[in-house]
1. Rank Y641, Y73 by accessible area, highest first, at a 1.4 Å probe radius?
2. Might you tell me the accessible area per residue for the chain, computed with a 1.4 Å probe and given in Å²?
3. At q = 0.12, 0.16, 0.21 Å⁻¹, what log₁₀ I(q)/I(0) does a Debye calculation on the Cα points of the stretch 99-198 give, no solvent, two decimals?
4. Return the carbon/sulfur percentage of the accessible area of the stretch 385-505, one whole number, probe 1.4 Å, all protein chains in place.
5. Would you kindly find the accessible area of V296, with a 1.4 Å probe and non-protein molecules such as ligands, DNA and RNA excluded, rounding to the nearest 10 Å²?
6. How would you order 440-450, 246-256 from highest to lowest mean count of nearby Cβ atoms within 10 Å?
7. Of the listed values (i) 16; (ii) 44; (iii) 22, grab the one calculated as percent of Cα pairs over 50 Å apart from the structure here.
8. Relative contact order of the chain, please, whole-number percent, based on alpha carbon pairs below 8 angstrom and at least 6 residues apart.
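The values are calculated or read from the model by the stated rules, or taken from the named source; none is laboratory data. Keep in mind that what you see is a predicted model, and the values were worked out from it rather than measured. All Cβ positions, glycine included, derive from the backbone under ideal geometry; neighbour counts span all protein chains shown. Note: areas computed on protein heavy atoms with side chains; ligands, DNA, RNA excluded. Shrake-Rupley method; radii C 1.70, N 1.55, O 1.52, S 1.80 Å.
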Amino acid sequence: MKGLMAAALAALAVICAPARAQTPAHGQYQNFRVAIYVVVGTTRRLADRAEFDREFDRVWRQVHFDKVYLEPYRDHQFATDEEVAAVKSYFEARGIEVDGGVTLAAGQTGGQFNTFDYENQSDMAECRRAIELAARHFDHIILDDFFFYNTKSEADIVARGDRSWTQYRLARMRQVAHECVLDPARRVNPHARVIIKYPNWYEHFQGSGFDLEQEPRMFDGIYTGTETRDPYVTDQLLQQYESYEIIRYFDNIRPDGGNGGGWVDTYSTQYVDRYAEQLWDTLFAKAPEITLFNWVPMADEHAVQPGAREAWASRPTSFNWNDMVRSYRSAGPGDPGPGWGRAAGYSLEQVDRVLGALGHPIGVMSYKPYHSSGEDFLQNYLGNVGIPIEMTPTYPADAPVVLLTQQAAADPQIIVRIDRSLRDGHNVVITSGLLRALQGRGFDRIAEIDVTENSAAIDRYLDGYGAGNGTSLNTVGAHDPAVLFPELHFYTNDAWPVLRGVAGAKGFPVMLMNRYGRGVLYVLNIPENVSDLYNLPRPLLTRIRQLVSGDFPVRLDAPPLVSIFAYDNGTFVVQSFRDALAEVKVAVLGEGLTLTNVASSQAVAADPPVSHPANWRSVPEPARTTFTIHLEPHSFAAFRYGR
């Protein structure tokens with residue numbers, strides 16, 4: 001009887017609520033939709049109409065949005081049917097679309113997240129109850145990114161048996177997805193569509209039961225956590241490029257358009273520009289929707305603080321603090337000033353001006369098999385030094401260049417795939433981490449190269465191979481810091497160290513080349529501390545970019561912490577995560593090309609052509625047109641090239 005009464009109340013709320021307002025085809029923005037997530041505590045508070053009106057006014061004056069995800073459950077806290085129905089009707093009366101959200105989490109212990117114990121029948125019942133509550137009110141429900149499994153109770157240990165925790169949790173969560181989420185939702189509401197949102201720590205998903213191989217097709221859609229927050233202090237140390245790259249990876253997991261968007265929060269940002277960068281990079285990856293987590297900071301009655309941005313505060317950066325403040329619409333006397341909501345709104349307005357000109361993202365194809373791990377998040381570090389990456393869960397057999405990190409060792413057929421790519425005339429770039437993982441697995445049938453147990457601190461770098469001195473790749477007029485590299489062993493005249501490091505009287509390969517079939521195998525030596533990629537001299541990074549990207553249409557010559565996002569319609573975005581002005585050179589494939597700034601329509605003059613005298617070491621390269629760009633700190637610029 002109680003369930004029937006709740007269902008009747010929900011139905012009555014739908015009948016009495018105004019029809020969903022018709023919004024423009026593109027919503028509040030031209031190139032994406034914006035949603036705000038409302039956590040259950042806020043849902044309950046907003047059921048007070050006066051509180052709702054006050055907070056809605058504060059948010060709407062700062063950031064326009066198309067939708068909210070309204071949450072009726074998280075951390076053992078339930079909203080009532082009446083509260084959910086009321087708040088849903090309030091938003092719909094304002095012309096805002098309302099979908100549901102559920103967080104299947106069990107709170108925290110000392111800051112450590114607790115999940116449900118999916119061998120505990122009480123937890124399973126609570127999970128089903130939460131989903132049924134959401135399904136009574138919403139046809140579309142998104143799961144916040146806690147639908148994983150980290151308990152190790154006695155029941156879990158017994159159920160695991162002889163399996164690893166990864167094997168057990170992956171199998172169990174596939175069952176739980178049906179038993180506790182999908183089946184209950186559809187029993188209550190046959191029209192229910194459930195979307196699973198995945199967090200940002202994709203490298204380790206399988207260890208906690210997150211399944212990127214089967215779950216994305218079990219659920220009606222997926223969603224992407226693009227929070228990278230602070231890259232130097234917070235626990236995960238996620239690099240800025242991941243806010244772009246993870247969308248691209250998940251798009252390739254659901255190439256049917258099933259990746260609904262990206263999700264950014266306000267946490268652990270040392271300066272406000274870092275928040276803006278996460279929003280921009282999510283959208284540069286062509287996410288169709290972005291969710292702001294959550295309503296509380298958007299409605300906060302306190303002004304947002306600029307944070308530690310003194311080094312570039314006076315510069316005309318993409319997130320221009322003074323412009324943001326001027327753009328704020330005050331409510332009158334006593335108004336606290338712009339908050340996180342205006343920081344979001346201003347950032348979204350900035351990026352919306354250029355997104356429409358950008359085509360479909362492209363990058364150097366990098367294969368990360370399902371349930372693989374190794375050289376954690378390396379693609380994001382490479383993206384941060386200017387190599388455009390397109391990560392995929394399936395081997396890109398037709399790609400002219402394939403970049404393989406240690407993750408690829410999870411594929412038992414990886415050596416066969418490398419062999420085929422090379423013999424088909426493609427180039428394959430493998431990292432020293434993958435080389436180490438493939439030792440003893442037959443890789444020596446392709447190239448007899450090994451990673452030794454030794455390492456060396458390198459601070460001198462040379463270009464070229466064979467007899468002669470080589471060309472210095474160090475920074476002119478500066479002392480480059482020493483970087484620790486593993487030692488690669490190879491046979492002279494079989495493999496060639498095209499990029500070399502020198503320590504004392506001994507050379508160490510930084511990049512090896514081995515011709516095989518009609519293709520070229522490269523081995524890229526990754527520093528023992530991957531973040532030392534940022535300490536490599538600019539000339540060395542430029543040569544690494546050249547060798548890794550091959551004939552990619554655009555290529556950077558830039559200091560580290562400058563990224564490029566490229567598209568298939570002759571456009572690209574260059575973005576700096578640096579604290580100071582950066583001089584960046586962009587080499588575009590083809591002679592006599594023009595370059596135009598998308599936002600300003602101003603032409604960028606081409607650099608004078610530079611001739612490089614041919615010698616017996618040279619590898620012929622197609623002609624390129626080079627342009628010099630000066631990029632403000634923590635800023636982006638979009639360009640179009642052509643004739």
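1. Working: Y641 50, Y73 0 Å².
Ranked list, largest accessible area first: Y641, Y73.
2. Numbers: 25380 Å² over 643 residues.
With all protein chains present, the chain gives 39 Å² per residue.
3. -0.39, -0.68, -1.07
4. Details: 2500 of 5320 Å².
Ligands and nucleic acids excluded, carbon and sulfur give 47 percent.
5. Estimated to the nearest 10 Å², V296 gives 70 Å².
6. On the way: 440-450: 15.4, 246-256: 20.8.
Ranking, from highest mean packing down: 246-256, 440-450.
7. It is the value labelled (i).
8. Working: 1374 pairs, mean separation 64.5, N = 643.
Result for the chain is 10 percent.
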